[in-house]
Amino acid sequence: MTHEIAVIPGDGIGQEVTPAAVDVLEALDVDFAFVEGEAGDAVKAETGEALPQETREIAADADATLFGAAGETAADVILPLRQVVDSFANVRPAISYPGLDAVQPDTDLVFIRENTEGVYKGIESEITDGVTTCTRVITEDASEKIADFGFDYARQNDYDDVTIAHKANVMRETDGLFLDTAEAVGADRGADYDTALMDALAMHLVMHPEDYGVVICPNLAGDMLSDLAAGLVGGLGLLPSANVGEDNALFEPVHGSAPDIAGEGVANPAAMILSAAMLLDHLGYEDEGDRVRTAVEATLEDGPKTPDLGGSASTEAVTEAVVDRL
Ligand code: NAI
Ligand code: MG
């Protein structure tokens with residue numbers, strides 16, 4: 001069975017790390033057909049559109065999408081693309097790898113972030129001069145969906161600790177509904193879980209990340225807590241993510257187009273290759289996903305390493321090392 005994968009490299013180092021992920025996927029014994037689409041600053045400069053209709057269609061029709069990064073047009077590209085694949089869950093693992101200089105070497109966290117509502121619904125207005133509002137939308141449906149997804153993820157990936165992050169003591173209606181709904185999902189399953197106020201959780205994650213595993217979060221909390229965790233494990237070159245929908249999904253590194261190093265051929269491809277590993281899991285190739293993660297981990301530990309990790313290797317050299325280890 002051939003899997004059609006939309007490949008959207010985008011701008012800057014997206015152009016350098018996306019081919020690295022494709023090389024890794026091509027080294028496996030899985031039948032992929034790659035269809036490339038354009039998006040980002042460069043195509044906007046050419047055509048006036050950051051996300052051309054043709055690229056939307058490629059992503060909508062594919063079995064999954066690999067996206068690199070966009071530059072200044074990132075919001076015009078990634079927010080609509082997440083809608084194109086109808087993703088309700090944003091999965092962001094933050095893991096410390098051996099041999100790297102992580103702030104917290106025992107970190108193994110996965111943020112399961114609600115991807116459609118909360119304050120990111122975009123319902124903002126200026127009531128009058130100097131007074132603005134933002135409407136926070138939390139629904140039972142979306143809360144149940146993300147909690148279901150989070151508990152499933154924990155079970156499938158052998159995480160013992162599940163934490164529901166919230167601020168229901170203040171946002172009694174919205175996070176009250178999120179918390180009640182997520183707790184009901186946990187209780188229905190007879191699952192073990194904790195709940196945590198998101199501000200205190202931020203502190204505990206910095207001091208004792210080893211006490212946590214899967215963290216189920218409303219949208220904004222997931223955005224912020226996962227970036228905080230990125231800081232614990234050694235930086236943006238390492239963090240993959242998945243935007244998961246019912247029938248489609250998009251995989252992207254957490255980092256952007258890195259204009260400061262773009263064109264030099266030294267971007268760390270690990271985040272993008274680990275995103276490809278998440279794509280493999282999603283399509284049911286968990287063994288292949290594990291093989292890719294093992295090869296990346298060995299390369300992160302023993303080298304070659306890119307400059308962001310203290311080495312001097314090129315993106316290509318690191319990618320070759322990963323492919324060789326496969
Ligand atoms: P960034 O993630 O591009 O870069 C932040 C810092 O991390 C830079 O010093 C960069 O060199 C380094 N870095 C990031 N990824 C790396 C990698 N793979 N290897 C080695 N070093 C890496 O974030 P920044 O600088 O805030 O934004 C740059 C551009 O990227 C902006 O135009 C922004 O709009 C866009 N952006 C796009 C995103 C997306 O497409 N999803 C997400 C974040 C930013
Ligand atoms: Mg963010």
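The values are calculated or read from the model by the stated rules, or taken from the named source; none is laboratory data. Given the structure is predicted, the values throughout are model-derived calculations rather than measurements. Every residue, glycine among them, receives a Cβ derived from its backbone with ideal geometry; neighbour counts consider all protein chains shown. For the accessible areas, the whole protein counts, side chains as well, though only heavy atoms, and no ligand, DNA or RNA atoms are used. Shrake-Rupley method; radii C 1.70, N 1.55, O 1.52, S 1.80 Å.
Okay, residues lined up against (1) touching a strand residue (DSSP E or B) at 6+ places or on another chain (Cβ under 9 Å); (2) closer than 15 Å to Val254 by Cα; (3) more than 12 Å from ligand 1 (Cβ to nearest atom); (4) not assigned by the TED database to the domain that holds Ser143:
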position: Arg56; (1), (2), (3), (4): no, no, yes, yes
position: Ala64; (1), (2), (3), (4): yes, no, yes, yes
position: Gly71; (1), (2), (3), (4): yes, yes, no, yes
position: Ala75; (1), (2), (3), (4): no, yes, no, yes
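Determine whether segment 268-285 contains at least one residue that is open to solvent by 30 Å² or more (accessible area, probe 1.4 Å), outside the structural domain of Glu4 (by the TED database) and touching a residue at least 60 places away in the same chain (Cβ under 8 Å). Lay out the reasoning, then the answer.
Going residue by residue through segment 268-285, those that are open to solvent by 30 Å² or more (accessible area, probe 1.4 Å) are 281-285.
If we keep only those that are outside the structural domain of Glu4 (by the TED database) too, we end up with none.
No, every residue in segment 268-285 fails to be open to solvent by 30 Å² or more (accessible area, probe 1.4 Å), outside the structural domain of Glu4 (by the TED database) and touching a residue at least 60 places away in the same chain (Cβ under 8 Å).
Among the residues of segment 158-181, is any over 29 Å from Asn268 (Cβ atoms), free of Cβ contacts under 8 Å to residues at least 24 places away in the same chain, in contact with a strand residue (DSSP E or B) (Cβ under 7 Å, 6 or more places away or on another chain) and outside the structural domain of Leu300 (by the TED database)?
Checking segment 158-181: at least one residue is over 29 Å from Asn268 (Cβ atoms), free of Cβ contacts under 8 Å to residues at least 24 places away in the same chain, in contact with a strand residue (DSSP E or B) (Cβ under 7 Å, 6 or more places away or on another chain) and outside the structural domain of Leu300 (by the TED database).
Could you identify the single residue in Arg172, Arg189 that is in contact with a helix residue (DSSP H, G or I) (Cβ under 7 Å, 6 or more places away or on another chain) and charged (D, E, K, R)? Walk me through how you get there before you give the answer.
On the way: Arg172 fails: in contact with a helix residue (DSSP H, G or I) (Cβ under 7 Å, 6 or more places away or on another chain).
Result: Arg189 is the single residue among Arg172, Arg189 that is in contact with a helix residue (DSSP H, G or I) (Cβ under 7 Å, 6 or more places away or on another chain) and charged (D, E, K, R).
Residues in segment 301-316 that are buried (at least 17 other Cβ atoms within 10 Å of the Cβ) and at pLDDT below 95: how many?
The total comes to 3.
Which ones in segment 56-71 are touching a Leu at 6+ places or on another chain (Cβ under 8 Å) and without any contact (Cβ under 8 Å) to a residue 60 or more places away in the chain?
From segment 56-71, those touching a Leu at 6+ places or on another chain (Cβ under 8 Å) are 56, 59, 63-67; that's our starting set.
Of everything in segment 56-71, just one residue is touching a Leu at 6+ places or on another chain (Cβ under 8 Å) and without any contact (Cβ under 8 Å) to a residue 60 or more places away in the chain, namely Arg56.
Step by step: first the residues of segment 71-90, then only those that are among the aliphatic types (A, V, I, L, M) and more than 14 Å from ligand 2 (Cβ to nearest atom), then the one that is nearest to Glu4 (Cα to Cα). Which residue is that? Walk me through how you get there before you give the answer.
As a first pass, look at segment 71-90 and keep what is among the aliphatic types (A, V, I, L, M): 74-75, 77-79, 81, 84-85, 89.
Right, trim to more than 14 Å from ligand 2 (Cβ to nearest atom) and you get 77, 81, 84-85, 89.
Values: Val77: 21, Leu81: 17, Val84: 16, Val85: 14, Ala89: 21 Å.
Checking each candidate, the answer is Val85.
Across segment 163-201, what is the total count of residues that are of a type in the set (Val, Ile, Thr) and surrounded by fewer than 18 Cβ atoms within 10 Å (Cβ to Cβ)?
First, the residues of segment 163-201 that are of a type in the set (Val, Ile, Thr): 163-164, 170, 174, 181, 185, 195.
This time we only want the ones that are surrounded by fewer than 18 Cβ atoms within 10 Å (Cβ to Cβ), so: 170, 195.
Selection size over segment 163-201: 2.
Can you name every residue in segment 203-222 that is open to solvent by less than 40 Å² (accessible area, probe 1.4 Å) and either at pLDDT below 95 or farther than 21 Å from Glu117 by Cα (or both)? Walk me through how you get there before you give the answer.
At the first step, the residues of segment 203-222 found to be open to solvent by less than 40 Å² (accessible area, probe 1.4 Å) are 205, 209, 213-219, 221-222.
Passing the criteria: Leu205, Pro209, Gly213.
Which one is nearest to ligand 2 (Cβ to nearest atom), of the residues in segment 224-251 that are charged (D, E, K, R) and over 20 Å from Asp108 (Cβ atoms)? So that I can check it myself, show each step before the final result.
Filtering segment 224-251 down to residues charged (D, E, K, R) leaves 227, 246-247.
Those still in the list that are over 20 Å from Asp108 (Cβ atoms) too: 246-247.
On the way: Glu246: 24, Asp247: 25 Å.
Checked segment 224-251; the qualifying residue nearest to ligand 2 (Cβ to nearest atom) is Glu246.
Filter segment 82-92 for residues that are open to solvent by less than 60 Å² (accessible area, probe 1.4 Å) and either modelled with pLDDT of 95 or more or in contact with a strand residue (DSSP E or B) (Cβ under 6 Å, 6 or more places away or on another chain) (or both) and give the result. Explain how you work it out, then say what you get.
Taking segment 82-92 as the starting set, the residues that turn out to be open to solvent by less than 60 Å² (accessible area, probe 1.4 Å) are 82, 84-85, 87-92.
Scanning segment 82-92 gives Arg82, Val85, Ser87, Phe88, Ala89, Asn90, Val91, Arg92.
Inside segment 213-326, counting only strands (runs of 3 or more DSSP E) that do not spill past its ends, which hold 3 or more residues that are within 15 Å of the chain's Cα centre (by Cα) and at positive phi?
On the way: elements: 214-217, 240-245, 249-253.
Answer list for segment 213-326: none.
When only residues in segment 13-31 that are in contact with a strand residue (DSSP E or B) (Cβ under 9 Å, 6 or more places away or on another chain) and either β-branched (Val, Ile, Thr) or open to solvent by less than 30 Å² (accessible area, probe 1.4 Å) (or both) count, which is farthest from ligand 1 (Cβ to nearest atom)?
Taking segment 13-31 and keeping what is in contact with a strand residue (DSSP E or B) (Cβ under 9 Å, 6 or more places away or on another chain), we get 13-19, 21-22, 25-26, 30-31.
Subset that is either β-branched (Val, Ile, Thr) or open to solvent by less than 30 Å² (accessible area, probe 1.4 Å) (or both): 13-14, 17-18, 21-22, 25, 30.
Details: Ile13: 6, Gly14: 7, Val17: 6, Thr18: 11, Ala21: 12, Val22: 16, Leu25: 18, Val30: 24 Å.
Among residues in segment 13-31 that are in contact with a strand residue (DSSP E or B) (Cβ under 9 Å, 6 or more places away or on another chain) and either β-branched (Val, Ile, Thr) or open to solvent by less than 30 Å² (accessible area, probe 1.4 Å) (or both), the one farthest from ligand 1 (Cβ to nearest atom) is Val30.
Among the numbered criteria (1) closer than 17 Å to Leu81 by Cα; (2) more than 10 Å from ligand 1 (Cβ to nearest atom); (3) among the small types (Gly, Ala, Ser), which single criterion is violated by Ser257?
That leaves (2) as the condition not met.
Pick from Val254, Val296, Val266, Val292: which is closer than 20 Å to Gln104 by Cβ and more than 16 Å from ligand 2 (Cβ to nearest atom)? Quick ask: steps written out before the conclusion?
Values: Val254 fails: more than 16 Å from ligand 2 (Cβ to nearest atom); Val266 fails: closer than 20 Å to Gln104 by Cβ; Val292 fails: closer than 20 Å to Gln104 by Cβ.
Answer to the selection: Val296.
If Ile8 meets every condition in (1) open to solvent by 50 Å² or more (accessible area, probe 1.4 Å); (2) within 16 Å of ligand 1 (Cβ to nearest atom) apart from one, which number is that one?
Here Ile8 clears every test but (1).
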